[in-house]
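Worksheet: the structure to be examined is printed underneath.
The values are calculated or read from the model by the stated rules, or taken from the named source; none is laboratory data. Bear in mind that the values here come from a model prediction, so they are computed numbers and not experimental data. Here the Cβ is made from the backbone with ideal geometry for all residues, glycine too, and neighbour counts use every protein chain on show.
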Protein chains: 2
Amino acid sequence: MSQSLLRALDLLGELAAGPASLDELASRATVHKTTVMRLLHSLEEKRFVVRDAQQRYRLGPKLFELSSLALEQRDVRAAARPHLAKLNELTGHTIHLAAFEGSDVTYIDKLESRQPVRMYSRIGLTAALNAAAVSKVLLADLPPARREAIAASIDYRKFTERTIMTPDALLAELDRVAAQGWAIDDSEHEEFVHCVAAPIRDASGHVVAAASCSVPMVLLDHEGLLALVPPLTACTEAISQDLGWINPERNPS
Amino acid sequence: MSQSLLRALDLLGELAAGPASLDELASRATVHKTTVMRLLHSLEEKRFVVRDAQQRYRLGPKLFELSSLALEQRDVRAAARPHLAKLNELTGHTIHLAAFEGSDVTYIDKLESRQPVRMYSRIGLTAALNAAAVSKVLLADLPPARREAIAASIDYRKFTERTIMTPDALLAELDRVAAQGWAIDDSEHEEFVHCVAAPIRDASGHVVAAASCSVPMVLLDHEGLLALVPPLTACTEAISQDLGWINPERNPS
DNA sequence: AACTATGATTGCAAATTATGCAACGATGCT
DNA sequence: AGCATCGTTGCATAATTTGCAATCATAGTT
């Protein structure tokens, strides 16, 4: 589509793993060293990469700038922050905030566990559509047609023995999630971690994000995890209210 | 220099001001709408931009990802320097700072011993994955799968009689290191030198670097070396705190 | 100090790739 | 239904990008 651009973006991805010299980048890429160099010079001109004293390239300040601006643009995040912090305080476990970015579910915020055993994740990563609790919550709110279309097109990667592997099973699970108002990932993504997630709605009533609580199984068994659901839903409802949502089940006046 | 790339990077700069439609971007830029569209499609493919339901473009999750990765690797070295200097002052021995650069462990800083007997090493050199204390510390924090993959693929060079020579032995040692929070190299790399190393963590809790203290055996016996562990871990914890890490074992309130 | 090795840079010719135009398609509004 | 707005595509032109080979810079070595 746009070769040089795609190659340059891949270079940025490589540099995310750590600083690298021109030669290192050129050998990892499938293009000539000269080409890599010229792309890097352009990236450098726009401050997307910088060169240190040893002429090693690393990601540049422009990326930080863009990233923080982009995050600010997402106001769900700002609204959710204080509530998620309270939940994190209360439970001590890892809290994630996720939303659709285009067609994948992306983590847009994270609060670290205060436990010594932590789970691995990072803001910006995408969540598996057939396994993550946040994905289930977000999918469950889509109109049936979209839901089915997505269920049919997913790449069903098997993460653990319990991972949902068929469109039918996924759709059934989504019905359950929609009915009960929250979702569980019962070690469907990582063998030793389970999570619960709940929806965040805006004034229109649509689910705009999902918050989740992820806990290593060594710290909490199934029952213990389910005990997190009430504080979690209390938290997501509080965020939803801040976004202008009115709980239809309360004051049905 | 590289026209299409420069134009695409400018588009990202424009989007930093807020979401925009294709036409808006095209009119702000000095190029044809078609061109803008094709650049955006490439950016979208790599998740640097996303399109919402109304086909407005906004900055994408890949930017968050790159930026948070880059922040993690940002100036550990600068943060560590003053603390390492104090440790060097206190002990008088050689201090190393090491981190993953791609797939090998690299020394990223060094403070010389003030003793007449010195060890040879240099910033930028790579540490043996199966022998160096810093490597053990860094490997011990990786997720089990990565750890095992690396253990299986290492070239087990035999440096001394005590060098770890099998994946199983290495993995067992890494478990020990993870549990006790520091690592020892008991003359496994050089016959007459032994070291201790401890992890440096960032705000996310992940180990981003390792600091070590290397001592010729003629200067310090095994017990003497172990006596260096408390000042070493105090040092690495101080650095970790500077990087935003919060000790989960302190104030578990 | 000269030599060697490693890595970065540039001139140039070939051609792949990006560009702009114009026509087409999709979507929403009156 | 018709109109308007905006996104998308086919194609010919030409301009940008590419890879090679030669040159330059730097650091390490004898």
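For this structure, a couple of remarks:
- Lone unmet requirement of (1) away from chain A (no Cβ under 14 Å); (2) not in a helix (DSSP H, G or I) for B:A238: (2)
Okay, residues lined up against (1) within 11 Å of DNA strand D (Cβ to nearest atom); (2) more than 20 Å from A:M1 (Cβ to Cβ):
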{"site": "B:S2", "(1), (2)": "yes, no"}
{"site": "B:R7", "(1), (2)": "yes, no"}
{"site": "B:D10", "(1), (2)": "no, no"}
{"site": "B:G13", "(1), (2)": "no, yes"}
{"site": "B:G18", "(1), (2)": "no, yes"}
{"site": "B:L25", "(1), (2)": "yes, no"}
{"site": "B:T30", "(1), (2)": "no, yes"}
{"site": "B:T34", "(1), (2)": "yes, no"}
{"site": "B:L40", "(1), (2)": "yes, no"}
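- Meets criteria (within 22 Å of B:R47 (Cα to Cα), free of Cβ contacts under 8 Å to residues at least 60 places away in the same chain and not in a helix (DSSP H, G or I)) for A:K62: no
- The lone exception for B:A26 - which of (1) of a type in the set (A, V, I, L, M); (2) within 11 Å of DNA strand C (Cβ to nearest atom); (3) surrounded by 20 or more Cβ atoms within 10 Å (Cβ to Cβ) it fails: (3)
- In the stretch B:1-24, residue farthest from B:R58 (Cα to Cα) [restricted to those that are part of a helix (DSSP H, G or I) and not hydrophobic (A, V, I, L, M, F, W, C)]: B:Q3
- Qualifying positions in the stretch A:2-17 - free of Cβ contacts under 8 Å to residues at least 12 places away in the same chain and at the interface with chain B (Cβ under 7 Å from one of its Cβ atoms): A:S2, A:L5, A:L6, A:L9, A:A17
- Residue within the stretch A:83-90 that is in a strand (DSSP E or B) and either in contact (Cβ under 8 Å) with a residue 60 or more places away in the chain or closer than 30 Å to A:L40 by Cα (or both) present: no
- Test set (1) over 30 Å from B:V218 (Cβ atoms); (2) part of a loop (DSSP other than H, G, I, E, B) - B:R162 fails condition number: (1)
- Checklist (1) in contact with a His (Cβ under 9 Å, 6 or more places away or on another chain); (2) away from DNA strand C (no atom under 11 Å from the Cβ); (3) modelled with pLDDT under 85 applied to B:L87, failing item: (3)
- Pairs where the first residue, in the stretch B:27-38, is within 14 Å of chain A (Cβ to nearest Cβ) and the second is part of a helix (DSSP H, G or I) and within 6 Å of DNA strand C (Cβ to nearest atom), C-beta under 7 Å, 6+ apart: B:V31/B:R7
- Test result for A:A80, hydrophobic (A, V, I, L, M, F, W, C), more than 14 Å from DNA strand D (Cβ to nearest atom) and either at pLDDT below 85 or assigned to a helix (DSSP H, G or I) (or both): yes
- When the criteria are applied in full, B:S67 fails the requirement of being facing chain A (nearest Cβ under 9 Å), among the polar types (S, T, N, Q), within 13 Å of DNA strand D (Cβ to nearest atom) and crowded, with 16+ Cβ neighbours inside 10 Å.
- Any hit, the stretch B:43-63, residues being surrounded by 17 or more Cβ atoms within 10 Å (Cβ to Cβ), over 19 Å from A:E101 (Cβ atoms) and within 13 Å of DNA strand C (Cβ to nearest atom): no
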